[in-house]
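Report on the following structure.
The values are calculated or read from the model by the stated rules, or taken from the named source; none is laboratory data. It should be emphasised that the depicted structure is a prediction, and the values quoted were computed from it without experimental measurement. Glycine also receives a Cβ, built like all others from the backbone with ideal geometry; neighbour counts cover every protein chain displayed. Ligands, DNA and RNA are excluded from the accessible area calculation, which covers all protein heavy atoms including side chains. Shrake-Rupley method; radii C 1.70, N 1.55, O 1.52, S 1.80 Å.
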Amino acid sequence: MFILKMLSSFRRRRGVYFLTVVLLWVGVTYLMWTHLDGEGSSWPRIRGDFFPREEYRIATGRVGPAKRHGDNKVHKAYSSKKAGVGDVERNVKDDAGNATVVFRGDLPPEPMPNEPDFDVVRQLFNITNAGDGGKAFKIDPQRLPPEEQMKYETAFRKNAMNEYVSNIIGVRRRLRDPRLEGCAERYSSAGLPQTSIIICFVNEAWSTLLRLVHSIHDNTTPHLVKEVILVDDGSSWDFLGRPLDVYMARFPKVQIVRATKGLGLMVARTLGYNYTTAPVITFLDSHCECFPGWLEPLLTPLATDPKVVTTPCIDSIDRNDFGIGVGPDVLVGVVEFPTLQFGWRLQPPREKKRRKSKLEPVRSPAMAGGLFSITREYFDLLGGFDPGMKIWGGENIEMSFKIWMCGGRIETPICSRVGHVFHSHSSYRGLREGAFVAGEANNARVVEVWMDDYKKYYGHYRRPMSKKRYQPGDVSERVMLRERIRCKPFSWYIQNVYPEVALPGDGVYSGEIRNEAFPKKCLDMMTSKEGGHPAMFDCHGQGGTQLFDMTDLDEIVSLNRCLARVHGGVSNYKSNWASRDHIWEYKDKLIRRHNNCLTVNATQHVVMGECSGKKSQQWTWNYHRPRRKTVLRIEEM
Ligand code: UDP
Ligand code: MN
């Protein structure tokens, strides 16, 4: 208050005012300088010249419109946003988009919405080095005073993650090196192509977005990055306007491109792409953190084969406490049928055998879509993202199919690790009209363009896809693209890239499973909830939980869940391609594993029993087809 009063009286005398501002600035600079470099400082040292050190702390930078190629419908639009930056930053001269600005070191400009009251928080919790090294930072919100509790809850709701805690951790933290032994030696930056990094965001929290950019800065070999393009896809939060421009001006390689209205992530990424100049493009979600050495392994395969597309291992950043849990070394991305949703599996035996060492990249039939590197050459050949797709969903499946079908492949160099916040829900969905149906329309486009006669395997779990929900729109351009670049048929993809797939009704054995002892009853998964128990139920002929497929890998699957042996019984588990408990043999009507057979007992429960060949162990399936020769089964390893 005192300082404010002083300032307002000084305002009449401009010279003195200016002097005061300069003095304040020097004071704050000094404080921050000593704080940041003081003993026990938690900040990591700046590596290399990616972002010059002096610019990092207190910077005088230029804020100007990003360079652009093509599309002129979209422009930078900070004028519509309020300033909202702290006192120090008011020392701004803005002439036609160029500004001289002074920054407040690592602290976000204020006032930021939902910024914790640090005086209060510091008294209640030890926040020194909160989240350091990627560790979780937990607080009990019950201990906060009511107004802080309110902030905590509002922030969580708005962001679908714990923004309050994220803000305490701050815009920058050190991350430990989680790579397997041998990774650092395996990859070098020599001779690698440069990449442009594209990060689209819509109403992203300040601290998560900035922490991503800082993590890129801190953990990337500088010369590998040509530019970082932040694409603001129609955010409505003021602090993502001018304050973001000001903050990012310290990073000479960062450009901000703003869409004048929400475009949806496919079109927004394409917009960002129009500003890129490097031979490789790397996409990241706006709430990631990049671990040390993350980039070299992504670029290395692309240096020799422009049709390889790489995705990092995605580690989960906990949305409650921002602890980064390093996941399993090897996960494979797949697409689930009939929903066309993306899912994870352990590597199938076929892939395990192909990989000669633990450090060798693993190949995936599909990718999650948010994080990947692709050469400009292949991205252009594939026609980039489908401009007919809206908002969110399906674009990763389209990319996955065409990457494989048009001569390339998707692989995850397991030495590349990037953290990602998995949200409790999509917070921007309220902002985007039609967000809920967009995904299905996008899927329909994928089905029409890429799936040939496998089209019939797309649908809803339980009910057939209705016409109203199946709205691909005009796909003629995309069909022509597929013909022009001579991509392989979808059957090739299934046979060679994804032979372990469980297509409902297309198993080696498929249909209803009836038991000899109870001819009117059918085996029924009963629920798609994991851990549930299958039972005998009146046959209804509607498929769903009574449709079972034995895959070429020998899993027995219904509604994407597989029949698993647990504690002498049978239960319903997520298929993983690697567990022997999920593997069966079907021969002479017996569904067995070694000497144990699937049996209906006296109380009509489905259990495992010693094989005797009695009627209650005899099962019949409706259909049979020959095996795909490309599958390597667990037993064959
Ligand atoms: N996104 C966007 N425009 C949209 C929807 C999403 O730019 O209309 C961005 C979003 O901010 C995020 C990325 O696209 O950086 C992926 O979205 P999200 O993280 O919600 O997907 P998820 O990780 O949940 O699959
Ligand atoms: Mn995301």
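Before moving on, here are some points about what is shown:
- Residue check, Ala517 buried (at least 21 other Cβ atoms within 10 Å of the Cβ) and touching a helix residue (DSSP H, G or I) at 6+ places or on another chain (Cβ under 7 Å): no
- Test: residue in region 405-417 that is within 16 Å of ligand 1 (Cβ to nearest atom), at pLDDT 95 or above and under 20 Å from the mean Cα position of the chain (by Cα): no
- Tabulated pairs, region 436-465, first at pLDDT 90 or above, second among the aromatic types (Phe, Trp, Tyr) and part of a loop (DSSP other than H, G, I, E, B), C-beta under 6 angstrom, 6+ apart or interchain: Ala444/Tyr470; Val447/Tyr458; Tyr457/Phe337
- Per the conditions (1) at pLDDT below 95; (2) out of contact with any Leu (no Cβ under 9 Å at 6 or more places or on another chain); (3) surrounded by 24 or more Cβ atoms within 10 Å (Cβ to Cβ), the sole criterion not satisfied by Pro252 is (3).
- All helices (runs of 4 or more DSSP H) inside region 231-314 with 1 or more residues being within 16 Å of ligand 2 (Cβ to nearest atom) and under 21 Å from the mean Cα position of the chain (by Cα): 265-273
- Every residue from region 489-504 that is open to solvent by 40 Å² or more (accessible area, probe 1.4 Å) and in contact with a Phe, Trp or Tyr (Cβ under 8 Å, 6 or more places away or on another chain): Ser491, Pro504
- Residues that are within 26 Å of Lys352 (Cβ to Cβ) and either among the acidic types (Asp, Glu) or open to solvent by less than 10 Å² (accessible area, probe 1.4 Å) (or both), drawn from region 391-401: Ile397, Met399, Ser400, Phe401
- Odd one out for Thr339, checked against (1) open to solvent by less than 40 Å² (accessible area, probe 1.4 Å); (2) in a strand (DSSP E or B): (2)
- Summed over region 145-162, residues that are open to solvent by 20 Å² or more (accessible area, probe 1.4 Å) and acidic (Asp, Glu) total 2.
- Qualifying residue in region 302-314 (condition: hydroxyl-bearing (Ser, Thr, Tyr), open to solvent by less than 20 Å² (accessible area, probe 1.4 Å) and over 22 Å from Thr276 (Cβ atoms)): no
- Scanning region 597-621 for residues that are among the polar types (S, T, N, Q) and modelled with pLDDT of 95 or more gives Thr599, Ser612, Ser616, Gln617, Gln618, Thr620.
- Only one of the numbered conditions (1) closer than 26 Å to Glu477 by Cα; (2) within 16 Å of ligand 2 (Cβ to nearest atom) is violated by Val446, and that is (2).
- Residues satisfying the stated conditions in region 204-230, i.e. part of a loop (DSSP other than H, G, I, E, B), among the β-branched types (Val, Ile, Thr) and open to solvent by less than 10 Å² (accessible area, probe 1.4 Å): Thr220
- Applying the set (1) surrounded by fewer than 22 Cβ atoms within 10 Å (Cβ to Cβ); (2) within 16 Å of the chain's Cα centre (by Cα); (3) farther than 16 Å from Val332 by Cα; (4) away from ligand 1 (no atom under 15 Å from the Cβ) to Ser373 leaves exactly one unmet item: (1).
- Boolean, Gly394 is within 16 Å of ligand 2 (Cβ to nearest atom), more than 19 Å from Gly264 (Cα to Cα) and among the small types (Gly, Ala, Ser): no
- Among the residues of region 156-203, the ones that are within 14 Å of ligand 1 (Cβ to nearest atom), under 19 Å from Asp315 (Cα atoms) and in a loop (DSSP other than H, G, I, E, B) come to 2 in all.
- Screening region 550-615 for strands (runs of 3 or more DSSP E) wholly inside it with 3 or more residues that are surrounded by 14 or more Cβ atoms within 10 Å (Cβ to Cβ) returns the ranges 556-558, 561-566, 569-574, 590-593, 596-600, 606-610.
- Within region 281-297, considering residues that are more than 16 Å from ligand 1 (Cβ to nearest atom) and open to solvent by 10 Å² or more (accessible area, probe 1.4 Å), the one farthest from Thr195 (Cα to Cα): Pro292
- Complete set of residues in region 119-156 that are in contact (Cβ under 8 Å) with a residue 40 or more places away in the chain and of a type in the set (Lys, Arg): Lys135, Lys138
- Any chance Leu523 is under 21 Å from Val335 (Cα atoms) and touching a residue at least 24 places away in the same chain (Cβ under 8 Å): no
- Qualifying residue in region 163-182 (condition: among the polar types (S, T, N, Q), within 16 Å of ligand 2 (Cβ to nearest atom) and either touching a residue at least 24 places away in the same chain (Cβ under 8 Å) or surrounded by 15 or more Cβ atoms within 10 Å (Cβ to Cβ) (or both)): yes
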